[in-house]
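One structure below.
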Amino acid sequence: MSFPIIGITRCSRLDDYVASVEQAGAKVRVLEVSDSPRALVGVLNGVVLTGGGDVDPVLYGEERHESVEDAEPGRDEFEIDLARRAMATDLPLLAICRGAQVLNVAVGGTLIQDIPSSVESVLKHAISTPRDALAHDVSITPGSRLHEALVSSGAASGSFRVNSRHHQSVGRLGAGLVTTATASDGIVEAIEQPEARFCLGIQWHPENFWRTGEFRALFDSFVAAARERMTESEV
């Protein structure tokens, strides 16, 4: 049996991403900012954009808020280029936390640079420890890819609790994206490209639950799309 190859962008906490993807039946290639996005889309069957520091606001045309903390050098440019090429070639893409923000910026969207100072809310969106600490509920849009992966599979109901470690979120949606999950304070919790084979960005960290399985169906759905694409490319 062949295993799809999933590229995972390097970050400071890779272990849970790797475990989640391997558990779903794929092989992992950890990606470096020195890699060529053009070459990668020709050899990978799917891409995971991981969490990390903030996207430079200059990349979506805004002045920098004082709370912005830059990601590692080169990550913004590499991941935005990779996201665009993945979408252009219909390469399955799962973008998590920072990754969802990269996905939105890649197609012309903006970000809320600092939720605490920009949004009136009683919800806590930044609970750092433990990694799987539940923070708040999210509601999923019926009929979405996220709904299909989690709700239709029976893995979750239409509203469920998630962990949360972010101070930024999606602002204005980028071209071709739709919102498919929100928190009760209106913060966008998931975005996707409806016409794509699989192009989904989520703001929480489902990878932290690989041991207990709450979001395994999400990774299973993603890897299934990657396997489908791999099979088609071999024909």
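The values are calculated or read from the model by the stated rules, or taken from the named source; none is laboratory data. What you are looking at is a predicted structure, and each value in this text was computed from that prediction instead of being measured. Quick reminder, even Gly has a Cβ in these numbers, built from the backbone with ideal geometry, and neighbours come from all protein chains shown. The accessibility values were calculated without ligands, DNA or RNA, using every heavy atom of the protein model including side chains. Shrake-Rupley method; radii C 1.70, N 1.55, O 1.52, S 1.80 Å.
Pick out, from region 1-73, the strands (runs of 3 or more DSSP E) lying fully within it that include 1 or more residues that are out of contact with any helix residue (DSSP H, G or I) (no Cβ under 8 Å at 6 or more places or on another chain) and of a type in the set (D, E, K, R). Spell out how you get there, then give the answer.
Numbers: elements: 5-9, 27-31, 46-49.
Fully inside region 1-73 and qualifying: 27-31.
Can you tell me which of (1) open to solvent by less than 60 Å² (accessible area, probe 1.4 Å); (2) among the acidic types (D, E); (3) touching a Leu at 6+ places or on another chain (Cβ under 9 Å) is the one D90 doesn't meet?
(3) is the only condition that D90 fails.
Quick check on this structure: which one of A190, A226 is outside any strand (DSSP E or B), open to solvent by less than 40 Å² (accessible area, probe 1.4 Å) and touching a Gly at 6+ places or on another chain (Cβ under 7 Å)? Break it down stepwise before answering.
Working: A190 fails: outside any strand (DSSP E or B).
Result of the check over A190, A226: A226.
Please go through region 98-123 and give me each residue that is surrounded by fewer than 16 Cβ atoms within 10 Å (Cβ to Cβ), polar (S, T, N, Q) and at pLDDT 90 or above, ordered by number.
Passing the criteria: only S117.
Here is a yes/no grid of residues against (1) under 21 Å from A86 (Cα atoms); (2) under 13 Å from the mean Cα position of the chain (by Cα); (3) not basic (K, R):
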site: H125; (1), (2), (3): no, no, yes
site: A135; (1), (2), (3): no, no, yes
site: A149; (1), (2), (3): yes, no, yes
site: S159; (1), (2), (3): no, no, yes
site: H167; (1), (2), (3): no, no, yes
site: L173; (1), (2), (3): yes, no, yes
site: R197; (1), (2), (3): yes, no, no
site: A224; (1), (2), (3): yes, no, yes
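Given the options R161, R131, name the one that is farther than 27 Å from T231 by Cβ, open to solvent by 10 Å² or more (accessible area, probe 1.4 Å), touching a Leu at 6+ places or on another chain (Cβ under 6 Å) and modelled with pLDDT under 95. Before you say what the answer is, go through the steps one by one.
Numbers: R131 fails: touching a Leu at 6+ places or on another chain (Cβ under 6 Å).
The match here is R161.
So which residues in region 142-154 are closer than 21 Å to R216 by Cβ and either open to solvent by 50 Å² or more (accessible area, probe 1.4 Å) or touching a residue at least 24 places away in the same chain (Cβ under 8 Å) (or both), if there are any at all?
Narrowing region 142-154 to residues closer than 21 Å to R216 by Cβ: 144-154.
Within region 142-154, S144, R145, L146, H147, E148, A149, L150, S152, S153, G154 qualify.
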